[in-house]
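> Quick one: the structure is below, and I'll ask about it shortly.
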Amino acid sequence: MAKKPALTVEIRTRNRHKTKFMTKDFPQPDLIPLEFRKIENESEQLKRAEDFYKNLNLRRTVRDYSDRDVPIELIETAILTAGTAPSGAHMQPWRFVVVKDAEIKRKIREAAEKEEYESYHKRMSEKWLRRLAPLGTDENKPFLEIAPYLIIVFRINSIEEDGEKEPTYYSQESVGIAVGMLLAALHNAGLATLTHTPSPMRFLQEILERPKNEVPFVLIPVGYPAEDAMVPNLKRKTLDEIMQIV
Ligand SMILES: Cc1cc2nc3c(=O)[nH]c(=O)nc-3n(C[C@H](O)[C@H](O)[C@H](O)COP(=O)(O)O)c2cc1C
């Protein structure tokens, strides 16, 4: 097959008035036919859309867990699902560390409760505490030891190739989307989750011995709810409140 010409890119010099054209040896686009699952009729589309909404509308943040074990395959499949998320320049800037080990969970709880004590008693504003009050949360985090798994999501903020450092593009947005998909996948598999951010979360990097370019993003206990689990009585915004068509 004939070799395609190299990609020509326009590169601006430091002097903004001059534009230099350079030919760079960039990889060629590698395109394949789209695999797209068509849903033939609109009533079926609507039914699926409504079923999906009804299912996700039942997701709640759970803070009371049972210690019942969870098959690791459920965790693995949910993480695979999260890994299908779109990402800036397809850099997939995420790492999911799954903790089952009791001693590591104990260390995480101890460090998280220390940070949370500082937050609740010294760092959070009165306004913030007022917002949190209806949720009934405080610095005590027993679920960090009771839930069978903790998934700690790290955001990879840069990579190194041939000794050169390069940022990952839009990593906050990318990891946020992946976490949303992870929470949805775990919920769909019949598991409960908590989106936990015991800030600052640097201790997770230390306890889990992750490199400096992996920044803790969120800590997610996963398991089954305790029999008597309670949740705050929250109302979600209506469609009118969250959507605008122009
Ligand atoms: C980015 C983010 C951080 C959160 N951090 C915490 C947290 O540290 N502790 C906690 O108990 N809940 C935390 N939550 C859970 C929220 O309080 C919860 O999502 C919200 O009250 C709505 O409840 P729901 O998830 O049941 O709909 C967090 C949620 C998000 C999205």
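Values quoted throughout were computed directly from the atomic coordinates according to the rules given, and no laboratory measurement underlies them. In this text the structure is predicted, and so the values were computed from the model without any measurement. Virtual Cβ from ideal backbone geometry, glycine too; neighbours counted across all protein chains shown.
> If you add up the charges near ARG48, with Lys and Arg at +1 and Asp and Glu at -1, over every other residue whose beta carbon is less than 13 angstrom from its beta carbon, what do you get? The partial results should precede the final answer.
Details: positive: ARG37, LYS38, LYS47, LYS54; negative: GLU40, GLU42, GLU44, GLU50, ASP51.
Taking every other residue near ARG48 into account, the sum is -1.
> While we're looking at this one, here's another question. Relative to the compact-globule scaling 2.2 N^0.38 Å, provide the ratio for the alpha-carbon radius of gyration of the range 54-93. Write down the numbers at each step before the final one.
Working: Rg = 14.3 Å, N = 40, 2.2 N^0.38 = 8.9 Å.
Compared with the compact-globule rule of thumb, the range 54-93 sits at 1.60.
> Once the Cα atoms of helix 171-188 and of the chain are each reduced to a long axis, what angle between those two axes, in degrees from 0 to 90 to the nearest 10, is obtained?
Long axis of 171-188 versus the principal axis of the chain: about 50 degrees.
> Moving on. What distance in nm separates the two pseudo spin-label positions at VAL246 and ILE177, each 7 Å out from Cα along the beta-carbon direction?
Result: 2.2 nm between the two label points.
> Additional query: Can you spot the lysines whose alpha carbon is less than 18 Å from LYS24's alpha carbon? Ignore those fewer than 8 places along the same chain.
LYS3, LYS4
> Mind pulling the angle between the C-alpha long axis of helix 42-57 and the longest principal axis of the chain? Nearest 10 degrees, somewhere in 0 to 90.
With both axes taken from Cα atoms, the answer is about 50 degrees.
> Where does the charge balance sit around GLU103 when Lys and Arg score +1, Asp and Glu -1, over other residues with C-beta under 13 Å from its C-beta? Kindly include the intermediate steps, with their values, before the conclusion.
Numbers: positive: LYS100, LYS105, ARG106, LYS107, ARG109; negative: ASP101, GLU110, GLU145.
That works out to +2.
> Further question on the same structure: Can you list the HN-Hα couplings for the range 229-246, worked out from phi with the Karplus curve (6.51, -1.76, 1.60; θ = phi - 60°), rounded to whole Hz and with x for Gly and Pro?
4, 10, 9, x, 7, 9, 10, 8, 4, 7, 4, 4, 6, 10, 10, 9, 9, 10
> Let me ask another. Quick check: Cα centre of the range 161-177 to Cα centre of the range 41-102, how many Å?
First find each Cα centre; the distance between them is then 22 Å.
> Quick check on the chain: what are the equivalent-ellipsoid semi-axes from the Cα gyration tensor, as sqrt(5λ), descending, whole Å? Intermediate values should be presented prior to the final figure.
Numbers: eigenvalues 288, 140, 81 Å².
With the √(5λ) rule applied to the chain, the semi-axes are 38, 26, 20 Å.
> While we're on this one: Please give me, ordered by residue number, the GluC sites (Glu not before Pro) of the range 133-233 that lie in loop per DSSP and have at most 14 other Cβ atoms within 10 Å.
Working: sites: GLU139, GLU145, GLU160, GLU161, GLU164, GLU173, GLU206, GLU209, GLU214, GLU227; in loops: GLU139, GLU209, GLU227.
In loop regions of the range 133-233 (DSSP not H, G, I, E or B), the sparsely surrounded GluC sites (Glu not before Pro) are GLU209, GLU227.
> Please report, for the Cα atoms of the range 63-121, the Rg to one decimal and the Dmax as a whole number; what are they, in angstrom?
Rg, Dmax (Cα atoms, Å): 15.7, 41.
> Past 27 Å, Cα to Cα, is the threshold; run LYS54/LYS127; LYS105/LYS212; LYS107/LYS237; LYS122/LYS235 against it and keep the listed order.
On the way: LYS54/LYS127 33 Å; LYS105/LYS212 21 Å; LYS107/LYS237 38 Å; LYS122/LYS235 29 Å.
Going by Cα-Cα distance, LYS54/LYS127; LYS107/LYS237; LYS122/LYS235 fall outside the 27 Å limit.
> List every residue whose amide H lies under 5 Å from the amide H of SER158, counting only residues 5 or more places away in sequence or on a different chain, with H placed 1.01 Å from N in the peptide plane.
Amide H neighbours of SER158, under 5 Å, 5+ apart: THR168.
> Which value in nm describes the separation of the simple spin-label points at ALA102 and GLU76, placed 7 Å from the Cα toward the beta carbon?
The modelled label-to-label distance comes out at 2.5 nm.
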